[in-house]
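Colleague: Below is the structure I would like to discuss, written out as structure tokens.
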Amino acid sequence: MANGESEVGADVPAGGFVQLLTPDGERVDSVTTAEGTTYTVDFSDDEYRELYRDLVTVRRLDTEATALQRQGELGIWASLLGQEAAQVGSGRALRPQDMAFPTYREHGVLYTRGIDPIMPFGLFRGVDQGGWDPNEFKFNTYTIVIGSQTLHATGYAMGITMDGKTGGPDGEAVIAYFGDGATSQGEVNESFVWSGVFHAPIVFFCQNNQYAISEPLERQTRIPLHRRADGYGFPGVRVDGNDVLATFAVTRAALDNARQGQGPTLIEAYTYRMGAHTSSDDPTRYRIASEVESWQAKDPILRLRTFLTKQQIADDTFFADVDDSAKSLALSLRERVLAMPDPQPVTLFDNAYPNGSPEVDAQREQFVAYHAAFEGSDH
Amino acid sequence: MSRIKEFNLPDLGEGLTEGEILSWLIKVGDTIELNQPIVEVETAKAAVEIPAKWAGVVTRIYHDAGTTVEVGMPIVAIDTEPGAGPASPADGAAPEPSAASLAAVEVAPAEGAVEPGLIGGPAPGGRTAVLVGYGPRNVTAKRRPRVGAARPTSAAPAAPAPEEATPDPVLPEPERPASPRMPGHRALAKPPVRKMARDLGVDLAEISGTGPLGSVTRDDVQRAAAAPGKTAAVAPGPTIAGGERRIPVKGVRKLTAENMVASAFTAPHVTEFLTVDVTRSLKALDKIKGRPEFRDVRISPLLLVAKAALLAIRRHPMVNSTWSGATNEIVVKDVVNLGIAAATERGLIVPNIKDAGRLGLRDLASALDELVRTAKSGKTPPAAMAGGTFSITNVGVFGVDTGTPILPPGESAILALGAIRPTPWVHKGKIKVRQVTTLGLSFDHRIVDGELGSRFLRDIGDFLTDPEGALLAWT
């Protein structure tokens with residue numbers, strides 16, 4: 001996508017991207033792409049403030065999770081630091097009927113779905129398998145295997161079409177999250193093929209955070225990732241992933257196209273992973289400090305805060321209140337994580353079959369008897 | 001709950017067992033906040049800052065920067081209620097590490113019993129599978145006692161079960177008659193036990209197993225094999241005409257065996273080969289022999305090979321090093337003590353020429369000559385065999401092409417010199433008969449990468465192909 005209208009600075013990738021809020025906090029009214037699509041947002045002051053609250057909150061929760069891992073309370077944590085705008089912007093663009101397929105890093109999207117942020121912590125603490133009910137929250141389980149969720153999402157989206165739930169403003173749509181590294185996976189490319197051919201109501205939301213663990217983007221692609229969509233026959237668009245407004249606008253438009261039967265869209269949210277790939281990774285081994293600093297200047301929260309201040313939409317009292325409530329939410333999350341009960345051994349039989357099985361039931365009985373043979377047994 | 005809390009080094013990255021304290025960001029007496037960075041720790045995966053788990057005052061720092069600490073060991077103690085007056089020993093919270101916490105990594109990761117399972121078991125890649133928190137345990141798991149089981153009379157922990165003891169049955173053992181074997185009944189035994197029985201010529205069906213569900217254990221098989229009369233059941237092997245001789249393993253043979261085993265199973269060996277045309281080396285040797293200063297010294301191709309190796313070591317000093325597992329260091333030696341493997345009546349010995357790198361060719365030649373003569377006469381003093389840093393074995397004198405030598409313990413490379421034979425060889429575009437030999441270089445792959453080993457071997461080969469040219473180019 002060539003993109004003429006947005007303010008293009010030195011920090012903008014070659015080929016441009018949709019940007020409605022510059023790193024300096026300047027609002028761009030609207031952006032019209034070379035294909036003639038115009039993107040803009042029309043938020044009330046309250047809505048702007050709530051977006052800011054979302055961003056700060058998900059970052060604060062993420063910081064707490066990282067600390068908990070370092071303190072030995074989580075086995076591993078995949079931080080979203082730096083990707084808050086891409087997640088909150090796209091997550092808030094979803095309508096209640098839309099279905100999201102996350103990777104293991106979409107804590108921000110999870111939060112915007114109105115889900116208790118503690119939900120994925122059982123997985124990272126190792127006290128459950130992360131097996132929540134995807135239908136309850138319209139939010140699939142976290143997927144560790146890179147890219148596999150795009151196929152699940154494609155199947156789900158094709159199902160929506162078969163159910164006749166597209167074709168109007170209240171239609172359903174699917175969003176599949178993945179990263180830049182996943183675009184090299186076979187599954188992701190298969191899902192592009194199937195979605196394109198079957199015109200599935202799906203938005204492929206690629207958070208291009210520049211690194212697949214330690215592999216830089218130039219090891220994944222020779223062309224901007226959003227242009228991959230050309231080869232599969234659906235539109236691709238690149239958005240400033242550190243701009244919550246543009247991310248919202250582009251995702252909302254793509255989802256609406258999907259729900260109205262216009263087929264898939266690939267969104268490349270151009271962003272940066274400020275932290276490590278996961279808590280087991282040391283990014284200083286493959287990134288230089290100056291690169292990280294250059295992205296700090298493009299921080300998604302800072303630019304919205306500058307905008308709110310300049311426009312007098314929010315003042316220091318508001319910002320302090322947001323920080324305080326985010327902190328107390330984080331501290332209560334900490335306490336609840338520490339209080340998570342260890343799983344009882346017998347629960348391993350619980351989800352083997354939906355309606356039980358005589359064999360598994362017999363095994364459970366034997367297992368219970370075995371454990372009862374120990375003193376202090378409590379299962 | 002004690003008000004002074006010890007913070008134990010957690011497993012920071014999925015199965016790590018230790019971490020090195022890089023720097024403390026706090027000191028004793030500091031008041032710290034929750035999540036304030038307190039220490040920087042480097043693990044095998046990453047250098048990370050650990051945030052404080054509790055707010056309070058630092059009362060003790062257990063390890064200085066630079067210390068490697070096992071996962072689960074306390075690293076810092078924090079008084080979480082500093083305003084409440086001095087902590088009294090009556091709290092049972094003295095910041096001394098408890099004996100238990102120093103003795104072992106037995107620190108409960110959380111309240112609640114750790115259930116038996118795969119956690120703590122081996123995982124692929126040699127790591128230890130852990131769930132979360134404090135990494136693998138190095139101590140025998142404590143099991144809850146069986147209901148109604150007799151308690152140990154003292155507080156002493158039950159002796160760890162011998163390695164080959166039968167594991168606890170997974171299920172309560174059902175009542176069953178004392179297994180009269182049905183015809184065609186296949187005895188229960190694990191595959192390794194079956195193999196052992198086969199190897200020892202024991203019929204499993206004739207053994208009454210003492211293992212779970214009447215299965216046959218390793219001990220059962222060994223007992224059966226040792227039983228009198230049982231040996232007769234072993235299918236007789238082919239009789240060896242003339243019987244056999246038994247030679248007690250001692251002295252040089254014993255030392256050699258121990259060294260070879262220790263080396264072969266500690267240092268990952270890689271061996272590379274290089275076939276080179278040494279015609280010009282032999283011509284150079286002839287020239288040297290004609291010189292007056294070499295008149296009364298025995299010289300052989302080994303001399304030039306030794307010289308080549310010494311010069312190549314100067315260009316690749318890492319080859320002349322040793323792996324110090326105890327201190328986690330690679331020790332690169334400035335001095336080359338050149339070992340020469342010598343076959344003697346007593347067996348293989350590898351005396352070395354001290355600081356051979358400093359010797360000129362004449363002195364090197366006489367040192368070699370003397371070393372070999374002393375070895376043959378069996379008079380090599382122990383000091384001459386200690387402290388070698390690089391060795392050469394001249395298997396060529398036995399008429400073989402080359403070998404894959406095993407490193408003398410503590411050395412990182414050893415060169416085998418094969419027989420030098422007239423061989424058809426492409427020389428200046430034509431097939432000529434040239435004097436050709438094959439070099440074999442074994443190196444410790446922990447220290448020497450394939451690239452370094454290859455360059456080193458190549459340099460030796462280059463020298464032997466064109467000694468004058470190499471000398472001019474390198475020195």
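Colleague: Condition first: more than 23 Å from A:Met119 (Cβ to Cβ), of a type outside the set (Lys, Arg) and within 13 Å of another protein chain (Cβ to nearest Cβ). Now tell me which residues in the stretch A:347-369 satisfy that.
Modeller: Of everything in the stretch A:347-369, those that are more than 23 Å from A:Met119 (Cβ to Cβ), of a type outside the set (Lys, Arg) and within 13 Å of another protein chain (Cβ to nearest Cβ) turn out to be A:Ala362, A:Gln363, A:Glu365, A:Gln366, A:Phe367, A:Val368, A:Ala369.
Colleague: Let me ask something additional. Residue by residue through the stretch A:208-257, note down the ones that are of a type in the set (D, E, K, R), in contact (Cβ under 8 Å) with a residue 60 or more places away in the chain and open to solvent by 20 Å² or more (accessible area, probe 1.4 Å).
Modeller: A:Arg227, A:Arg252, A:Asp256
Colleague: Being in contact with a helix residue (DSSP H, G or I) (Cβ under 9 Å, 6 or more places away or on another chain), closer than 28 Å to B:Lys333 by Cβ and open to solvent by 60 Å² or more (accessible area, probe 1.4 Å) is the requirement here; does B:Leu441 meet it?
Modeller: no
Colleague: Among what's in the stretch B:41-51 and is open to solvent by less than 60 Å² (accessible area, probe 1.4 Å) and in a strand (DSSP E or B), pick the residue that is farthest from the other protein chains (Cβ to nearest Cβ).
Modeller: Within the stretch B:41-51, the match that is farthest from the other protein chains (Cβ to nearest Cβ) is B:Val41.
Colleague: Continuing with this model, one more query. State all residues of the stretch A:1-50 that are modelled with pLDDT under 90 and either open to solvent by 80 Å² or more (accessible area, probe 1.4 Å) or within 16 Å of A:Leu302 (Cα to Cα) (or both); if no residue qualifies, say none.
Modeller: A:Glu5, A:Glu7, A:Val8, A:Ala10, A:Asp11, A:Ala14, A:Glu35
Colleague: Hand me the list of helices (runs of 4 or more DSSP H) wholly inside the stretch A:32-134 holding 2 or more residues that are more than 14 Å from chain B (Cβ to nearest Cβ).
Modeller: Per the criteria, A:45-70, A:84-93, A:107-112.
Colleague: Right, something else. Quick check on my filter: what residues within the stretch B:409-464 are outside any helix (DSSP H, G or I), small (Gly, Ala, Ser) and touching a residue at least 60 places away in the same chain (Cβ under 8 Å)?
Modeller: If the condition is that a residue be outside any helix (DSSP H, G or I), small (Gly, Ala, Ser) and touching a residue at least 60 places away in the same chain (Cβ under 8 Å), then B:Gly410, B:Ser412, B:Ala413, B:Gly440, B:Ser442 are the ones that fit.
Colleague: If you don't mind, another one. Can you give me the number of residues within the stretch A:298-314 that are within 18 Å of A:Phe43 (Cβ to Cβ) and part of a loop (DSSP other than H, G, I, E, B)?
Modeller: 4
Results for (1) out of contact with any Pro (no Cβ under 9 Å at 6 or more places or on another chain); (2) closer than 27 Å to A:Met274 by Cα; (3) β-branched (Val, Ile, Thr), shown as yes or no for each residue.
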site	(1), (2), (3)
A:Gly155	yes, no, no
A:Met158	no, no, no
A:Gly168	yes, no, no
A:Gly171	no, no, no
A:Thr183	yes, yes, yes
A:His199	no, no, no
A:Ser214	no, yes, no
A:Asp230	yes, no, no
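Colleague: Would you say B:Trp54 is away from chain A (no Cβ under 14 Å) and either open to solvent by 10 Å² or more (accessible area, probe 1.4 Å) or more than 25 Å from the chain's Cα centre (by Cα) (or both)?
Modeller: In short, no.
Colleague: Can you confirm whether B:Gly418 is open to solvent by 10 Å² or more (accessible area, probe 1.4 Å) and of a type outside the set (A, V, I, L, M)?
Modeller: Here the answer is no, as B:Gly418 does not meet what is asked.
Colleague: Within the stretch A:271-288, how many residues turn out to be more than 22 Å from A:Val56 (Cβ to Cβ) and away from every other protein chain (no Cβ under 14 Å)?
Modeller: 1
Colleague: Going through the stretch B:1-26 one residue at a time, which ones are closer than 27 Å to A:Ala330 by Cβ and either not assigned by TED's automatic domain parsing to the domain that holds B:Ile61 or not in a strand (DSSP E or B) (or both)?
Modeller: The answer is B:Met1, B:Ser2, B:Arg3, B:Leu9, B:Pro10, B:Asp11, B:Leu12, B:Gly13, B:Glu14, B:Leu16, B:Leu25, B:Ile26.
Colleague: Hey, any hits in the stretch A:150-164 for a residue that's in a loop (DSSP other than H, G, I, E, B), within 14 Å of chain B (Cβ to nearest Cβ) and farther than 13 Å from A:Ala100 by Cα?
Modeller: no
Colleague: Being in contact (Cβ under 8 Å) with a residue 60 or more places away in the chain, assigned to a strand (DSSP E or B) and either of a type in the set (A, V, I, L, M, F, W, C) or farther than 22 Å from A:Ile175 by Cβ (or both) is the requirement here; does A:Leu266 meet it?
Modeller: Yes: the conditions hold for A:Leu266.
Colleague: Further question on the same structure: If I filter the stretch A:258-300 down to residues being aromatic (Phe, Trp, Tyr) and farther than 29 Å from A:Ala157 by Cα, which single residue comes out as least open to solvent (accessible area, probe 1.4 Å)?
Modeller: So, considering only residues that are aromatic (Phe, Trp, Tyr) and farther than 29 Å from A:Ala157 by Cα, the one least open to solvent (accessible area, probe 1.4 Å) is A:Trp295.
Colleague: Considering only the stretch A:346-360, I want to know if a residue exists there that is surrounded by 14 or more Cβ atoms within 10 Å (Cβ to Cβ) and of a type in the set (D, E, K, R).
Modeller: no
Colleague: If a residue has to be charged (D, E, K, R) and part of a helix (DSSP H, G or I) to count, how many in the stretch B:266-317 make the cut?
Modeller: Going through the stretch B:266-317 one residue at a time, the tally reaches 9.
Colleague: Restricting the search to the stretch A:134-183, which residues are aromatic (Phe, Trp, Tyr) and crowded, with 19+ Cβ neighbours inside 10 Å?
Modeller: If the condition is that a residue be aromatic (Phe, Trp, Tyr) and crowded, with 19+ Cβ neighbours inside 10 Å, then A:Phe139, A:Tyr142, A:Tyr156, A:Tyr177, A:Phe178 are the ones that fit.
Colleague: Which members of the stretch A:346-379 meet the condition of being free of Cβ contacts under 8 Å to residues at least 60 places away in the same chain and polar (S, T, N, Q)?
Modeller: Matches in the stretch A:346-379: A:Thr347, A:Asn355, A:Ser357, A:Gln363, A:Gln366, A:Ser377.
The values are calculated or read from the model by the stated rules, or taken from the named source; none is laboratory data. Please read all numbers here as calculations on a predicted model, not as lab measurements. Glycine also receives a Cβ, built like all others from the backbone with ideal geometry; neighbour counts cover every protein chain displayed. Only protein heavy atoms, including side chains, enter the accessible area calculation; ligands, DNA and RNA are left aside. Shrake-Rupley method; radii C 1.70, N 1.55, O 1.52, S 1.80 Å.
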